[in-house]
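Beneath this line is the structure, given in structure tokens, with notes to follow.
Read-outs throughout are calculated quantities, based only on the coordinates presented, and are distinct from any laboratory measurement. On a predicted model such as this, the values are computed, not experimentally measured, just so you know. Positions of Cβ are generated from backbone atoms using ideal geometry, with glycine treated the same way; all protein chains shown enter the neighbour counts.
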Amino acid sequence: MKAYLDSSEYIDWKHPLVAFKAAELAEGCLTDETVAKRCFEFVCDAIKHSWDYRMNPVTCKASEVLIHGTGYCYAKNHLLAALLRANSIPAGLCYQRLTVATDGPPYCLHGLNAVYLKQHGWYRIDARGNKPGVAAEFSPPTEKLAFPIIDAMERDFQEIWAEPLPLVVQALTENKTVA
């Protein structure tokens, strides 16, 4: 589990602002599940999805997401993992291959999280941010992700990564604006 608790370049929970926010969210919570729910709701509701709001800059590090209040799904998940890890709750990153339209190509990669809850084990959550047609929830042990798999070529990858995929980091760090 150590890898799912570590602070790193992109899941930088030791950054003072991230550590402070994590402590603030955990205040008064008695269980890991309650802390995880508060962290999930904060990232889902308070951090704007960059594409939905056409917000710049493109962020990657958890601290950048917190400072700017915006991030693509991947970056929001870096922040959620950091907040959870700062509270000693193991957290990782997961991915889905989804169609961009209603079916068929082109496809995109979507990022979400997995959190290890003492009562439930690994549980996947999606703090992408809700909008019409997207309604993710934190309701363990039932997964309520933002996007169901609907196309035969879509994939729901079950791996739980301790660090972001290099291709995700490259996309987020090489592009400075949503455009």
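For this structure, a couple of remarks:
- Label-reachable residues, segment 99-117, where backbone N falls under 18 Å from a point 7 Å from Leu167's Cα toward its Cβ: 99-101, 104-113
- Amide H within-cut-off set for Lys144, under 5 Å, with H built and near neighbours excluded: Glu137, Ser139
- Helical mean residue ellipticity (222 nm; -39500 (n - 2.57) per DSSP H run of 4+; nearest 500) of the chain: -10000 deg cm²/dmol
- Max mean-square fluctuation residue, GNM over the chain, Cα-Cα springs under 10 Å, options Ala19, Ala36, Ala135: Ala135
- Top of Val58, Val18, Val169 by mean-square fluctuation, Gaussian network on the chain, Cα under 10 Å: Val169
- For a label point 7 Å along the Cα-to-beta-carbon line of Met153, residues of segment 86-106 with backbone N under 17 Å: 96-106
- Amide H within-cut-off set for Ala127, under 5 Å, with H built and near neighbours excluded: Asn113
- Against the set [x] 22.0, 72; [y] 15.1, 47; [z] 15.5, 50, the structure's computed Rg and Dmax of the Cα atoms in Å falls on [y].
- Rounded to the nearest 20, the Cβ-based charge dipole of segment 96-179 about its Cα centre (Lys and Arg +1, Asp and Glu -1) stands at 240 debye.
- Euclidean distance of C-alpha centroids, segment 104-122 and segment 155-179, integer Å: 13
- A Gaussian network model of the chain, with springs between Cα atoms under 10 Å, assigns the largest mean-square fluctuation among Val168, Val115, Val43 to Val168.
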